[in-house]
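As structure tokens, the structure follows; a few thoughts come after it.
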Amino acid sequence: MQLTVEFGGGLELLCDSVKIHSVNVDVPNGEEKLTMGDFLMWVSKNLIKERPEMFIKGDTVRPGVLVLVNDCDWELTGQLETTLEEQDVVVFISTLHGG
Amino acid sequence: MDTGEKLRRGGGRLCCICNDRRAALKRPKTLQQICRECFYAVFEEEIHQVIIKNQLFKPGERIAIGASGGKDSTVLAYVLSELNKRYSYGLDLFLLSIDEGITGYRDDSLETVKRNELQYGLPLKIISYKDLYGWTMDEIVKMIGLKNNCTFCGVFRRQALDRGAALLKVDKVATGHNADDIAETVLLNILRGDIARLSRCTSITTGEDGPIPRCKPFKYTYEKEIVMYAYFKKLDYFSTECIYSPNAYRGFAREFIKDLERIRPRAILDIIKSGEDFRISTSTKMPEQGTCERCGYISSQKWCKACVLLEGLNRGMPKLGIGRTRGMSSDQMKNPKPTGAAKNIESKQCGSLDF
Ligand SMILES: [Zn+2]
Ligand SMILES: [Zn+2]
Ligand SMILES: [Zn+2]
């Protein structure tokens, strides 16, 4: 599945300062859909190069990291349960850097 | 699948204010689901109400916005210039930035402020540590290492901002401190039992007895909304960590607040409220203000803290004045004795540079 990931608010520093990534992610075996929960694990494994604790805490994003799926706050779409589709755009923004 | 598909995001939920457009975010303060347009409207209107209710500005005043190039001050500059036009506040707005001399950090963020100057049409004044003190932060860190640099940063920045404000002849400085910042400071003041600062740190206007008052129009504005606003409006801000910001203690307090917010978003406003309500009458008196014999800046001691620190740097004894002291008289200078007073933690950590 083709997805676009965008990092902002300083999170891009965790992945070689690249803000926008075009990625291809498979739906996990035995599942019908790719959820944000699956995708977060994929991102932290494949895109985050350093200090993963700035991005992930437990099984979700670190508090203070905002997530938008197709420019909609993921708190409205079910957070980890949000399902992703072809061409979706996922944005992660840290609120913790800088004033 | 077509309409259903379009409405899939946001669970197909409509904005609870206009009932027309698709919701784009959940407000932490109210848990309302609202669309972008309604979000812009309520976000700006709330700040306007805070300004009016607390009489932060008077018509004809000159106001400097402490501009770091970061999210808070960038959004503040944008929103204040919008509100100033929309509601005819009659303010002359300026951007005031401090150049600490941190290569690869401050020079980059100053580029952002220079773009903001053009984008928002606000005149910009940059004050540098090098000009004011003869030292850049890079040079200071080279001398003292990474351990105490935030003491220098904090003391020097506070004074630099006042000097810049005096040069601009402004009546007041507005800073981008948001609700999360204030909740964090309340918590830190509780942790260190600093009752005097606890009640003061929640004041929306401070320093009315000092050279130039400061105010915080974002006192009740959540960081999440500031970042969402900047993102949706595509405002140009800078978000790299300061390379000299090792304040782990403050970092933990911040994380704790974010954890609380996740469970109960109102926690941030509640913490501010408790800070406000802690108006315990104690014998804790803030020291009387005089002026520094050396540079004329306000000081409760013979020399202001910046002069003490500078003296240490210039004499090659940078440890002078660091840590548990609150400024020293020149007698004490010869024979420094710690007084056990707490140092100021009202400003944000060095890295965020929001004064
Ligand atoms: Zn609406
Ligand atoms: Zn610092
Ligand atoms: Zn002085």
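Read-outs: derived from the displayed coordinates by stated rules, not from any lab. Everything numeric here is computed off the predicted structure, so don't read it as measured data. Note: ideal-geometry Cβ built from the backbone for every residue, glycine included; neighbour counts use all protein chains shown.
As a proxy for reagent exposure, A:Val23, B:Val141, A:Val90 were ordered by neighbouring Cβ count within 10 angstrom, fewest first; the result is A:Val23, B:Val141, A:Val90. Potential lengthening of the chain between B:Arg62 and B:Lys130 amounts to 21.9 nm, from the contour at 0.36 nm per residue minus the alpha-carbon distance.
Taking a straight Cα-Cα cut-off under 19 Å and skipping sequence neighbours fewer than 8 places away in the same chain, the lysines within cross-link reach of B:Lys142 are B:Lys130, B:Lys319. Counting only residues at least eight positions apart within a chain, or on another chain, the lysines with an alpha carbon under 26 Å from that of B:Lys125 are B:Lys58, B:Lys71, B:Lys85, B:Lys114, B:Lys169, B:Lys172, B:Lys216, B:Lys219, B:Lys233, B:Lys234, B:Lys305, B:Lys348.
Close amide H contacts of B:Glu61 (hydrogens built in the peptide plane, cut-off under 5 Å, sequence separation of 5 or more or a different chain): B:Asp92.
Just to confirm my numbers, what's the Cα centroid distance between the stretch A:1-69 and the stretch B:183-208 in Å? Their Cα centres are 37 Å away from one another.
Tell me, A:Met36, A:Met1 in order of fewest to most beta-carbon neighbours within 10 Å?
Lowest to highest Cβ neighbour count: A:Met1, A:Met36.
Using the Cβ-Cβ distance between A:Asp71 and B:Leu146 with R0 set to 35 Å, the FRET efficiency works out to roughly 0.35. Here's how it looks for B:Arg294: its modeled amide H is under 5 Å from those of B:Cys304, which are all 5 or more places away or on a different chain.
When we measure straight from the Cα of A:Lys45, which aspartates and glutamates land under 18 angstrom away, once same-chain ones fewer than 8 places off are left out? The reachable aspartates and glutamates, counting only those whose Cα sits under 18 Å from A:Lys45, are A:Glu6, A:Glu12, A:Asp16, A:Asp26, A:Glu53, A:Asp59.
Charge tally around B:Lys85: other residues with Cβ under 14 Å, Lys/Arg +1 each, Asp/Glu -1 each, net -2. You can think of it this way: the chain between B:Gln32 and B:Ser88 has 17.2 nm of extra reach, that is 0.36 nm per residue less the Cα-Cα gap. Residues B:Ser109, A:Ser22, B:Ser203 in ascending order of nearby Cβ atoms (within 10 Å, fewest first): A:Ser22, B:Ser203, B:Ser109.
According to the square roots a ≥ b ≥ c of the eigenvalues of the Cα gyration tensor, what is the shape class of the stretch B:69-118, taking rounded for a/c under 1.5, prolate for a/b larger than b/c otherwise, and oblate for the remainder? The shape class here is prolate. Shape class of the stretch A:2-94 from the alpha-carbon gyration tensor: rounded, with the ratio a/c of largest to smallest axis under 1.5.
Against chain A, whose longest principal axis comes from its Cα atoms, helix A:36-46 is set at around 60 degrees.
Spacing of the modelled spin labels on B:Ser274 and B:Asn314, each 7 Å from Cα toward Cβ, amounts to 4.5 nm.
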